[in-house]
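Notes follow the structure.
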Amino acid sequence: MAAAVLNVPCIIVDPREPHTHTVVFLHGRGDNARHFAASLAGSRDSRGRTLADALPSFRWVFPQAPDRTLANAPPGTSWPQWFDVWNVRDFTDREDLQAVGLREAVPAVHRLLADEAALLAGRWDRIVLAGISMGGATGAHVLFNLDNVLATPGVVVQGERRLAAFLGFSSRCPFAGCDLAGMRSALGLAGDGAAPAPDHAIRNTPVLLEHCVDDPLVLVQNGRLLRDTLRGFGMGVEWKEYPGGGHWFNAPSGMDDAVFFLIRHVLGGGGNADGAEPSLTEDPAPNAMDFER
């Protein structure tokens, strides 16, 4: 695997029981890893547990996005962000600007996933990739380009050639409307003349997407478009909408659903930790507008 452009420092929360899985969780635009890790702990399930409480054998890795200059802001303005956005009210405006940061961020996250898989004897299928807002948008492109990485000579892959799961919260999809080849071409990470990569990891990584209908920053229709894009690539996507929660996690129902999903799809359990069925909403809800924090 080629060396990543970015050096991505991380906040680590070690498992409380013997290590079985790792979650790499990407924060949103303008946030930072330390603040996000602490804030996530404030979102609890219906039993008052954090995600780490509910999944004690999981290691939690919170990467830090680099500071990037904002192209459409006063000179010298910078934020922690995985990539820049020209128009937060219309993400398609000068969309190629987003590819600049993604070309750096995606290989950096791939390297981090490889490092974490090495701690689990090459078991990429025990690594969960998650993200909120811009972190989820970045994670989607990490997934679109993952088959290229897993097919690289010298990359150690034990178990299935996929991730354990992908979770996106309040997220969207840069370059939505492209087919998979177009998504990969938008970043050009495979290089000119490269043979088309397979799509095994994409088709076999289970996905949970959660979005609050009252999100004022990344509107719910953007999350639905991400859902439809992933399903169009053959992915199995569980989609959950919640009436409230804003541009954040819904709690406790959203946290219950995340725990239930991880136990069922990653740990192989048949239900959530207390045996109760989660409260889920999959029906479409009213649209709003578009802004990303």
### Query
Can we say Trp60 is assigned to a strand (DSSP E or B) and either modelled with pLDDT under 95 or open to solvent by 30 Å² or more (accessible area, probe 1.4 Å) (or both)?
no
### Task
Mind listing whichever residues of region 114-166 are within 9 Å of the chain's Cα centre (by Cα) and open to solvent by 10 Å² or more (accessible area, probe 1.4 Å)?
none
### Query
Out of all the residues in region 22-30, is one or more among the small types (Gly, Ala, Ser), over 18 Å from the mean Cα position of the chain (by Cα), part of a loop (DSSP other than H, G, I, E, B) and surrounded by 15 or more Cβ atoms within 10 Å (Cβ to Cβ)?
no
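Taking the conditions exactly as written (open to solvent by 10 Å² or more (accessible area, probe 1.4 Å) and aromatic (Phe, Trp, Tyr)), does Phe169 satisfy them or not?
In short, no.
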### Summary
Taking region 68-109 and keeping only residues that are modelled with pLDDT of 90 or more and either in contact with a Cys (Cβ under 6 Å, 6 or more places away or on another chain) or at positive phi (or both), one is left with Arg94
### Task
Search region 224-264 for residues being open to solvent by less than 10 Å² (accessible area, probe 1.4 Å) and of a type in the set (Asp, Glu), and hand back the single one that is nearest to Ala52 (Cα to Cα).
Asp257
### Query
Taking His35 and the conditions (1) open to solvent by 40 Å² or more (accessible area, probe 1.4 Å); (2) in contact (Cβ under 8 Å) with a residue 12 or more places away in the chain; (3) in a helix (DSSP H, G or I), which numbered condition does it fall short on, given that it satisfies the others?
(2)
## Note on the structure
Scanning region 38-56 residue by residue, those open to solvent by 20 Å² or more (accessible area, probe 1.4 Å) and in a loop (DSSP other than H, G, I, E, B) turn out to be Ala41, Gly42, Arg44, Ser46, Arg47, Gly48, Arg49, Pro56
#### Entry: Looking only at region 201-218, and only at residues there that are under 17 Å from Gly135 (Cβ atoms) and more than 15 Å from the chain's Cα centre (by Cα), the one that is most open to solvent (accessible area, probe 1.4 Å)
Leu217
### Query
Counting only residues that are surrounded by 20 or more Cβ atoms within 10 Å (Cβ to Cβ) and either modelled with pLDDT of 95 or more or under 16 Å from the mean Cα position of the chain (by Cα) (or both), how many does region 265-292 have?
2
### Task
Output the residue which, of all residues in region 89-109 that are open to solvent by 40 Å² or more (accessible area, probe 1.4 Å) and among the β-branched types (Val, Ile, Thr), is farthest from Leu217 (Cα to Cα).
Val100
### Count of residues meeting criterion [among the β-branched types (Val, Ile, Thr), out of contact with any strand residue (DSSP E or B) (no Cβ under 7 Å at 6 or more places or on another chain) and more than 30 Å from Leu119 (Cα to Cα)] in region 44-76
0
### Task
Could you give me the residue pairs with C-beta distances under 6 Å whose first residue belongs to region 133-151 and is within 15 Å of Pro107 (Cβ to Cβ), whose second residue is β-branched (Val, Ile, Thr) wherever it lies, and which are 6+ apart or on separate chains?
His141/Val106; Val142/Val106; Val142/Val109; Asn145/Val106; Leu150/Val157
### Message
Can you say whether Arg161 is free of Cβ contacts under 8 Å to residues at least 40 places away in the same chain, charged (D, E, K, R) and more than 28 Å from Asp31 (Cβ to Cβ), as far as the supplied structure shows?
### Response
no
### Query
Could you say whether any residue in region 113-126 is in contact with a helix residue (DSSP H, G or I) (Cβ under 8 Å, 6 or more places away or on another chain), aromatic (Phe, Trp, Tyr) and under 23 Å from Asn250 (Cα atoms)?
no
### Query
Of the conditions (1) in contact with a Ser or Thr (Cβ under 9 Å, 6 or more places away or on another chain); (2) within 29 Å of Gly30 (Cα to Cα), Val207 fails just one. Which one is it?
(1)
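The values are calculated or read from the model by the stated rules, or taken from the named source; none is laboratory data. Every value quoted in this text rests on a predicted model; they were computed, and no experiment measured them. Every residue, glycine among them, receives a Cβ derived from its backbone with ideal geometry; neighbour counts consider all protein chains shown. Ligands, DNA and RNA are stripped out before the accessible areas are found, and what is left, the full protein with its side chains, is counted by its heavy atoms. Shrake-Rupley method; radii C 1.70, N 1.55, O 1.52, S 1.80 Å.
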